[in-house]
1. Being under 13 Å from Val65 (Cα atoms), crowded, with 16+ Cβ neighbours inside 10 Å and either among the small types (Gly, Ala, Ser) or under 17 Å from the mean Cα position of the chain (by Cα) (or both) is true for just one of Ala93, Ala146. Which residue is that?
2. Mind counting the residues in the stretch 149-165 that are free of Cβ contacts under 8 Å to residues at least 60 places away in the same chain, farther than 16 Å from Met102 by Cα and either of a type in the set (A, V, I, L, M, F, W, C) or surrounded by 15 or more Cβ atoms within 10 Å (Cβ to Cβ) (or both)?
3. List the helices (runs of 4 or more DSSP H) inside the stretch 74-167, counting only whole elements, that have at least 1 residues being touching an Asp or Glu at 6+ places or on another chain (Cβ under 8 Å) and within 30 Å of Lys15 (Cα to Cα).
4. Please name all residue pairs, on different chains or six or more residues apart, with Cβ atoms under 7 Å, provided the first residue is in the stretch 121-132 and is under 17 Å from Leu110 (Cα atoms) and the second residue is among the charged types (D, E, K, R).
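Nothing in this text is a laboratory measurement; each read-out follows from the coordinates by a stated rule. Small disclaimer: the values here were computed from a predicted structure and weren't measured. For neighbour counting, all protein chains shown are included, and Cβ atoms are generated from backbone atoms with ideal geometry for every residue, glycine included.
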Amino acid sequence: MEWIKKYKEFDSPRKRVNYFRKYVVHIKGEMLFSGGLEPNILFEIESSFKLGNFVACVLLSQLSVEHCLAHCFLMTEHESVCTKGFAKLIDTAVDTKLIDEMLAIRLHELRLMRNPYVHPRFGAGKGTQISRVIEKGFDCNELPVADGIEAIKVLGEFINSQSKQEF
């Protein structure tokens, strides 16, 4: 139960919402969104984070970034990449200078974090939840919490890095 102390700054809905609004976006602000970054999905991520639904945060953060990247390639010579998966979108975004290498690394981390939650992989093999628990040295109950918080951080990095670009 040591891990509970480790996440003390996230131990209440109020603290989680304050974190989300500080590092990602204040949903009720006057921001305009376009190009796949949907305010209603961001609101769901904020609500999920507030309620401590950390796995939902991982899935919805990845969904938001993937849709946003795919939108950038619509009606371009790279449109075919839109349906090739998140990894290909990330790689193409780097190749076209839409994102830098550091952000690509973080987005691949988000992708690999999400995979065990959505793809049925069992045991301690590569890419399973058990292998991630062992690799990170976590308690099984800590992994979803750590993943949810990290997904929110990656989402914030993506949104903030793209704030100068038009989606």
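1. Values: Ala146 fails: under 13 Å from Val65 (Cα atoms).
Result of the check over Ala93, Ala146: Ala93.
2. Residues that pass the stated criteria total 0.
3. Numbers: elements: 86-95, 101-118, 129-136, 142-162.
Hits in the stretch 74-167: 101-118, 129-136, 142-162.
4. What qualifies is Gly127/Arg121; Thr128/Arg121.
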